[in-house]
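Structure record follows, encoded as structure tokens.
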Amino acid sequence: MPFSLIDLTTQWFREPGVVKSYLLFLSGQKTASKPSEYCGKLLGYKPHGFSASVITKGLLGLLVFGVVWAVTGPACLPGQNLFGLVILFLSAVCGGKLISVFRLPRTPPVPALLGMLLAGVVLRNVPYVTDAVYIDQNWSAALRNVSLAVILTRAGLGLNAAALRRLKAVCVRVAVGPCLTEACTVAVVAHFLLELPWIWSFMLGFVLAAVSPAVVVPSMLLLQSEGFGVQKGVPTLLMAAGSFDDILAITGFTTCLGIAFGTGSTWMNVGKGVLEVLAGVLAGGVMGLLLHFLPSEDQSDVVLRRCCLLLGLSVFSVFGSLAAGLGGAGGLCTLVLAFIAGLSWAEQKAPVAAVVGRFWDIFQPLLFGLIGAEINISSLSAYTVGLGVSTLCVGLLVRVLVTFCMVLFAGFNVKEKIFISLAWMPKATVQAAIGSTALDMSRSAGDEQLQIYGLDVLTVAVLAILITAPIGALAIGLSGPKLLQQDTHTLAGHTHTHTHTHTHISYEHTPHVCCFMIRV
């Protein structure tokens, strides 16, 4: 389209070179392009948005591999341990991103941890890839223990003493009742179906009894931001009760773990399990008080020093308890340590929690990727998987029914009771954190029979994540607007009236989770 005289005059003052080329083109002459002009245009182009994000992340991935290869040399070649760890980490990160992209419209995003888990399973079970991606079992166990220390540190910092004091009876019932009943139900079913010893059956029961804050908390915050269930306090109830549900499950698991790997009489093993719980609480309290005094607030980089001491003591607690023969004490010690430290720091714990959250962003792909890499599909029989799924389903059914009973006299209507029961199903992070602990200790003990039991526990835990995490997220997102009342509140300058309308929630932007719950 030809330019007018006014357009050419205006453009001349802005880009005289372009106008000159245009006039030469009209006169039939060839434009004399200079290489410098093309270089200038090339340098002037800067990628942005999605393309820039993809290029940056791809470059970072290549840089991670390149740095490790430059430092270690042949140890980072295919078939070596470091190569396997780097590829697993990058694959888990990509898997988490991909699983979050593919979702149904108007539904909550599928937890990224599911993609990380599947990435590990794929790397372990694809021919030729499995041979190239080798991971030493000692390295795998050590990295999972470090991840456990980080996640429990984050959990302890997320607890709020004021919320503990404000807990009502219904919150205690929702936290304790379903957890204990599901643990006992799974223990009985697993003993007869999977033929596990009683102590291992209860260990599996407590592994499966924990609800997943990684699924529940973001979904509750989304519903709460739209006003669903706010008047009755449904989101607050579930977020508060989830913390104590997880603590109870972890405590029960560590007790059973101490009994299972103890020597001597049954009563001696029971006493050892109780001793591990007491030792973990006592040691965590002492180290937490230590962090109340050190480092002092007048020191430079106090946040960095607090983070180093907190994470260092947490990792030391987990590995130190294993070295001392009190493997069940490490997890509780870390949890109590972080809680006491955060309590003493009060408002100043937020920067520390943010740094610990960044560490979790690094260790989360490692944890779930390594958990998935432990599952060898060729060694699993359909019979074992079927029994594991049956055990899981029976436990979930009992959990849903008991949860409904626990809120019968709490002032909720029938729809709200159904929603609370459905929202109390998802399992993910705690199962990944503690599901492999028994297998690692069995390998350290060198007992092949115990390794079989440990692999059964891990297999059922992985099945629980694969089945309940996506189903739970979808159940919360789809049933919330239909079963909960939308209350009067102000959101972005607009007032929403109390209504029963089935409003769709936008899940495009998940809010940052900042609450007193366990953020994992």
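Values computed for the structure shown
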read-out: Charge dipole (the stretch 135-485, unit charges on Cβ, about Cα centre) - positive-most of L401, Q224, V274; value: Q224
read-out: Entries in K349/K427; K57/K349; K232/K349; K349/K417 that, when Cα-Cα distance is taken, lie over 32 Å; value: K349/K417
read-out: Cβ-derived FRET efficiency at R0 30 Å, Y134 paired with L275, nearest 0.05; value: 0.20
read-out: Packing rank of 296-303, 455-462, where each peptide gets the mean count of other beta carbons within 10 Å, highest leading; value: 455-462, 296-303
read-out: Translational diffusion coefficient (Stokes-Einstein; Kirkwood radius from C-alpha pairs) of the stretch 135-485 at 20 °C, 1.002 mPa s, in µm²/s; value: 104 µm²/s
read-out: Among 227-238, 76-87, the order from most to least packed when residues are scored by Cβ within 10 Å on average; value: 227-238, 76-87
read-out: Chain lengthening between A142 and V64 when straightened (0.36 nm per residue, less Cα-Cα); value: 26.0 nm
read-out: Computed E for L77/C308 - FRET, C-beta separation, R0 30 angstrom, nearest 0.05; value: 0.35
read-out: Net charge dipole size for the stretch 135-485 [Lys, Arg +1 and Asp, Glu -1 on Cβ; Debye, nearest 20]; value: 940 debye
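Laboratory data are not the source of any read-out in this text; all were calculated from the coordinates shown. Since this is a predicted model, take the numbers as computed values, not measurements. Here the Cβ is made from the backbone with ideal geometry for all residues, glycine too, and neighbour counts use every protein chain on show.
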